[in-house]
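Every number in this text was worked out from the coordinates using simple rules, so none of it is lab data. Source: prediction; values computed, not measured. When we count neighbours, we look across all protein chains shown, and the Cβ atoms used for this are built from the backbone with ideal geometry, even at glycine.
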Amino acid sequence: MAAASTVGKRILIIDDDITTQEMMSTVLAYEGYRVAAARDGSDGIDRLLAYEKPDLILLDLRMPGMDGAAFCHARKQNKELAAIPLVVLSAADDVAEQASALGAAGYLRKPVDTVVLMNTLRQHCGLKAAAEGPGR
């Protein structure tokens, strides 16, 4: 059952991998988050400009079209969008360094572990982590 403190928190997942999108969306919805998804950075920018702003963005780095780095550059051009916390998703060995270079609040390694995902969201949405886990 969803924790009361997660209900209503909005998450935007920007990832071209439909399997990753669906897994994260299902887990987050079950936990009470409101989830939207975008297929690439351009779609993500469009959603950010057209709809209610999320509390957190989960961003894949490698996507066709507008990739994660290009999304971050475009996002920084708008102060309102730049203020939304961002967590980078990647299978790259240097994901921590890439996330830091992009000014991300954190990162998650793919494949995404659901416990680490939930703790990361709780941390970056201002909620207490449910269990001890890797600090990211």
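Table for the structure above
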| quantity | calculated |
| --- | --- |
| Contour minus Cα-Cα distance for residue 25 and residue 69 (0.36 nm per residue) | 13.6 nm |
| Residue among 19, 69, 91 farthest towards the positive dipole end of the chain, charges placed on Cβ | 69 |
| Coil-residue GluC sites (Glu not before Pro) of the stretch 47-129, DSSP, other Cβ within 10 Å capped at 11 | 52 |
| Among 123, 21, 77, residue whose mean-square fluctuation peaks in a GNM of the chain (springs only between Cα atoms under 10 Å) | 77 |
| Spin-label model distance (nm) - residue 77 vs residue 92, 7 Å beyond Cα toward Cβ | 2.1 nm |
| Helical contribution to [θ] at 222 nm, DSSP H n ≥ 4, -39,500 (n - 2.57), averaged over the chain, rounded to 500 | -11000 deg cm²/dmol |
| Gaussian network model of the chain, springs between alpha carbon atoms under 10 Å - residue of 46, 60, 16 with greatest fluctuation | 46 |
| Residue 116 paired with residue 53, simple spin-label distance in nm, labels 7 Å along Cα-to-beta-carbon | 2.9 nm |
| Highest-MSF residue in the chain out of 89, 49, 12 [GNM, Cα springs under 10 Å] | 49 |
| Total charge dipole magnitude, the chain, about the Cα centre, Cβ charges on Lys, Arg, Asp, Glu only, Debye to nearest 20 | 500 debye |
| Relative contact order computed over the chain (Cα-Cα under 8 Å; 6+ residues apart), in percent | 20 percent |
